[in-house]
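Every read-out reported here was derived from the displayed coordinates using simple, explicitly stated rules and does not represent laboratory data. Bear in mind the structure is a predicted one, so any value in this text is a computation, not a measurement. Here the Cβ is made from the backbone with ideal geometry for all residues, glycine too, and neighbour counts use every protein chain on show.
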Amino acid sequence: MGAWIEMISDEDAGPELREVLQLARTPHGTVDNVMRVHSLRPNTMRGHVILYRAALHDEANTLPMWLQEVISSWVSTLNRCPYSFANHWANAAHLIGDPARADGILAALEARQPETVFEGRELALMVYAEKLTLRPGEMEKSDVDVLRAAGVNDGEILEANQIIGYFNYVNRLLNGLGVSTDGDVVGYYKAE
């Protein structure tokens with residue numbers, strides 16, 4: 001386990017924390033440090049799990065899952081959050097399913113040049129994510145109008161907004177508490 005603050009192990013958890021740890025378990029049966037860092041305050045862990053699953057893993061979302069993960073990775077790149085980037089880029093690369101395409105997207109994100117690999121609605125979403133992450137006070141209705149003009153419907157705009165907002169929250173949580181991937185299974189899709 002890695003963070004700058006105490007994280008309570010499963011063995012040392014009281015009844016309330018044990019219940020929330022069960023909610024936070026990954027498909028691998030583990031609790032990632034991003035959730036375990038809340039162990040001193042189980043209610044914030046509960047809220048975090050619910051928010052995460054609603055923003056990124058809701059079956060009602062219509063943005064392609066690979067694009068949701070790329071947006072997550074882009075925000076984490078902009079915020080220089082290695083924890084979220086490691087996890088969500090692993091997911092994005094897996095979902096893209098084409099190593100050459102994934103390598104090209106990764107290079108574009110690292111160079112902060114998404115326009116070299118995206119166009120249309122995908123690029124519009126990347127531009128929106130960058131502005132909302134780096135200059136939130138400058139957002140205007142025209143930023144949403146650009147998304148609509150690129151073919152992103154209002155439900156998808158809300159999905160992207162929530163993913164971007166969530167990752168701005170979690171990147172600050174992780175960076176501010178020094179949370180590392182030590183002991184975590186990195187990515188949702190465990191290598192077999």
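If you put +1 on each Lys and Arg Cβ and -1 on each Asp and Glu Cβ, how big is the dipole of the chain around its Cα centre, in Debye rounded to 20?
Using Cβ point charges on Lys, Arg, Asp and Glu, the chain gives about 300 debye.
Defining a contact as two alpha carbons under 8 Å apart and six or more residues distant in sequence, what relative contact order in percent does segment 77-192 show?
This gives 41 percent for segment 77-192.
If amide H atoms are built 1.01 Å from N in the plane of the peptide, which residues on other chains or at least 5 residues away come under 5 Å of the amide H of His28?
Answer set, sorted by chain and number: none.
Using only Cα atoms, tell me the angle between helix 42-56 and the longest principal axis of the chain; keep it within 0 to 90° and round to the nearest 10.
30 degrees
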